[in-house]
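Q: Shown below is the structure under consideration.
The values are calculated or read from the model by the stated rules, or taken from the named source; none is laboratory data. None of the values given here were measured: they were computed from a predicted structure. A quick note on method: Cβ atoms are made from the backbone with ideal geometry, for glycine too, and the neighbour counts reach across all protein chains shown. What goes into the accessible areas is simple: the full protein's heavy atoms, side chains included, and nothing from ligands, DNA or RNA. Shrake-Rupley method; radii C 1.70, N 1.55, O 1.52, S 1.80 Å.
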Amino acid sequence: MHNSFDDLIEANQNCCSKSKVASENGKRFEIDSNEEFTRIRIDDCLISSQQVEKCDFGFVRHFNNEFYFVELKGKDVKKALNQIISTISVFESTIIKIPKEKRFGFIVSSRNPLLSTETNNLKQAFAKNYGRLLEIKSVHCKYISK
């Protein structure tokens, strides 16, 4: 268990880079900000276990210690959300505790087959139980940090 993001990054340098972009199979997530962020490859790096569902990337916002959980997915948005929730759970129990209001989830899918009401329900449930905000976008997500 790490006490700070600096400890986490120091102990896992092979998984970390100074980047505000993650892309995979045509999907792209980027952060529009002048602030410093560290990208952490979670899947097959920070969490290597195949027994655990996990999201692809995490981003540390150093200014205020927010953490962005990012899953780049085909079209199974519910599975992507489960991967983010599972990752939050692993972080809470073994990696680092992040206050709920500092957790953000981002799903970038090739397409979102869910109805807008289903999408809204997922976002509300996430905000109630897991983090501050869940964004679900198709193909490209540009998040402007405020």
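Q: Among the DSSP beta bridges whose two residues both lie in the chain, what percent are antiparallel, rounded to the nearest 5?
A: Numbers: 16 of 35 bridges.
If I count the DSSP bridges inside the chain, around 45 percent turn out antiparallel.
Q: In the chain, carbon and sulfur make up what percent of the accessible area (probe 1.4 Å)? Each step should come with its number before you reach the end.
A: Numbers: 3370 of 7420 Å².
It is 45 percent, rounded to a whole number.
Q: Let me ask something else. So what is the diffusion coefficient of the chain in µm² per second by Stokes-Einstein at 37 °C and 0.692 mPa s, using a Kirkwood Rh over Cα pairs? Please report the intermediate quantities before stating the final value.
A: Values: Rh = 15.1 Å.
This corresponds to a translational diffusion coefficient of 217 µm²/s.
Q: What distance in nm lies between label points placed 7 Å from Cα along the C-beta direction at Asn14 and Lys78?
A: Placing both labels 7 Å along Cα→Cβ, they lie 3.7 nm apart.
Q: In the structure displayed, which of Lys18/Lys146; Lys27/Lys102; Lys73/Lys137; Lys54/Lys102; Lys54/Lys146; Lys27/Lys128 lie more than 21 Å apart, Cα to Cα? Please list the in-between numbers first.
A: On the way: Lys18/Lys146 19 Å; Lys27/Lys102 24 Å; Lys73/Lys137 10 Å; Lys54/Lys102 19 Å; Lys54/Lys146 27 Å; Lys27/Lys128 27 Å.
Exceeds cut-off: Lys27/Lys102; Lys54/Lys146; Lys27/Lys128.
Q: Looking only at the range 60-78, which residues have a backbone nitrogen under 20 Å from a spot 7 Å from the Cα of Glu36 in the C-beta direction?
A: 60-68
Q: Counting helices only, and only those DSSP H runs with n ≥ 4, report the 222 nm mean residue ellipticity of the chain as the sum of -39,500 (n - 2.57) divided by its residues, in deg cm²/dmol to the nearest 500. Could the numbers behind the result be given before it?
A: Numbers: 3 runs with 35 residues, N = 146.
After summing the helix terms and dividing by the residues of the chain, the value is -7500 deg cm²/dmol.
Q: Sorted by mean Cβ packing within 10 Å, highest first, what order do the peptides 28-39, 60-71 take?
A: 60-71, 28-39
Q: At 0.36 nm per residue, minus the direct Cα-Cα distance, what do Ser93 and Cys45 gain on full extension? Give it in nm, one decimal, please. Mind dumping the intermediate values first?
A: Details: separation 48, 0.36 × 48 = 17.28 nm, distance 1.75 nm.
Net length gain for the segment: 15.5 nm.
Q: Given a 1.4 Å probe, how much area per residue of the chain is accessible, in Å²? Walk me through the intermediate numbers first.
A: On the way: 7420 Å² over 146 residues.
With all protein chains present, the chain gives 51 Å² per residue.
Q: When ranked by the protection proxy of mean other Cβ atoms within 10 Å per residue, highest first, what sequence do the peptides 78-84, 49-55 form?
A: Details: 78-84: 19.9, 49-55: 14.7.
Most protected by this proxy first, the peptides run 78-84, 49-55.
Q: Another question about this same structure. For the range 16-83, rounded, prolate or oblate, judged on the Cα gyration tensor with a ≥ b ≥ c (square roots of eigenvalues), a/c < 1.5 rounded, else prolate if a/b > b/c? Before the final figure, lay out the partial values.
A: On the way: a/c = 1.97, a/b = 1.49, b/c = 1.32.
Judged from the Cα gyration tensor, the range 16-83 comes out prolate (a/c at least 1.5, a/b above b/c).
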